[in-house]
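Below: the structure, in structure tokens.
The values are calculated or read from the model by the stated rules, or taken from the named source; none is laboratory data. If you're wondering where the values come from, they're calculated on a predicted model, not measured in any experiment. Positions of Cβ are generated from backbone atoms using ideal geometry, with glycine treated the same way; all protein chains shown enter the neighbour counts. The protein model used for the area step is the full one, side chains on, heavy atoms only, and it has no ligands, DNA or RNA in it. Shrake-Rupley method; radii C 1.70, N 1.55, O 1.52, S 1.80 Å.
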Amino acid sequence: MGQATIREQLALARCALFDFDGVIADTEPLYVELDRHALRALGYEATDEELNGFIGKASEVEGPALLRRHGIQASQEDYLSVWDSDRDIYGSPELVPNSGLPELWESLRERGCRIAVVSTTRCISLVRALNNFGLLTYVDAIVGREMVSHMKPDPEPYLRALQILGREAGEAIAFDDSPSGVASARAAGVYTVCYRGDALADAQLDDFDELL
């Protein structure tokens, strides 16, 4: 299914649900460098291959596990003491929204479509980044990792967003990029677009500019 079908779904949707990391903004390069810095501070120089293996996973879990494999003992608390994603990623002036997303959100709001951000990132970091982008006023709901008992691929994050918005799954469209995120949205019964990824979804999209 191509862009025409996605546009048709957008035209019918009463709410649009967006993952943050990779979809609203490309945080992966910043995460890689932050993990490189944290591992170096704890005594290990990681390879690019090792760092890329962290993508889509919890760094505070993967980092200590990698260190243990190389004989370095470090707890999650040790790792987080030298790893500040709120400051170095979501507060970074280098982080910008993906091309076409601000214009898409503006058009959605003009026709009364509600917008939610559904992420495994903490709410405080999401608010910080969206405010820096000048996009916070477009958002009707934010579901961060601390708001759910089960994270993606469980459907709870997307179901929670629908509950807050007062919408049914059939009234929504979701944009996610990871296999776990796509699985979460689809399990919630939402028409799901895989953005710049290869997960099995209802449709694929490479660039929001294609929808404008």
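Rolling a 1.4 Å probe over the protein chains gives residue 138 an accessible area of about 50 Å². Extension gain for the segment residue 107 to residue 84, taken as residue separation times 0.36 nm less the Cα-Cα distance, is 4.9 nm to one decimal. Applying a DSSP loop filter and a limit of 11 other Cβ atoms within 10 Å to the GluC sites (Glu not before Pro) in the stretch 44-91 leaves 45.
Quick check on the chain: helices-only [θ] at 222 nm, where DSSP H runs of length 4 and up contribute -39,500 (n - 2.57) each and the sum goes over total residues. Nearest 500, please.
Values: 9 runs with 85 residues, N = 212.
Taking each H run of at least 4 residues, the total per residue is -11500 deg cm²/dmol.
Rolling a 1.4 angstrom probe over the protein heavy atoms, how many square angstrom per residue are accessible across the chain? Don't jump to the answer; show the numbers that get you there.
Values: 9910 Å² over 212 residues.
That works out to 47 Å² per residue.
Starting from the alpha-carbon convex hull of the stretch 1-94, give the projected area averaged over all orientations, in nm². Spell out each step's value before the answer.
Working: hull surface 33.3 nm².
Answer in nm², one decimal: 8.3.
What FRET efficiency would be calculated for the residue pair residue 127, residue 5, taking the C-beta separation as r and a Förster radius of 41 Å, to the nearest 0.05? Present the calculation step by step, with values, prior to reporting the outcome.
Details: r = 33 Å, r/R0 = 0.79.
Efficiency at R0 = 41 Å is approximately 0.80.
Modelled spin-label separation between residue 75 and residue 33, with each label point placed 7 Å from Cα along the Cα-to-Cβ direction: 3.1 nm. Hey, any idea what % of the chain's accessible area is carbon plus sulfur with a 1.4 Å probe? Roughly 48 percent, rounded to a whole number. If you take all other residues with their beta carbon under 9 Å from the beta carbon of residue 152, and give Lys and Arg +1 and Asp and Glu -1, the sum is -4. Surface calculation, 1.4 Å probe, protein heavy atoms: residue 81 sits at approximately 90 Å² accessible. Bridges between two residues of the chain, per DSSP, are antiparallel at a rate of about 5%. Normalised Debye scattering of the stretch 83-175 at q = 0.14, 0.15, 0.21 Å⁻¹ gives log10 I(q)/I(0) of -0.54, -0.62, -1.15, counting only Cα atoms as equal scatterers and leaving out solvent. Over all other residues within a Cβ to Cβ distance under 10 Å of residue 119, the charged ones net out to 0, with Lys and Arg as +1 and Asp and Glu as -1.
Summarising the label geometry, the points placed 7 Å from Cα in the beta-carbon direction at residue 99 and residue 41 lie 3.4 nm from one another.
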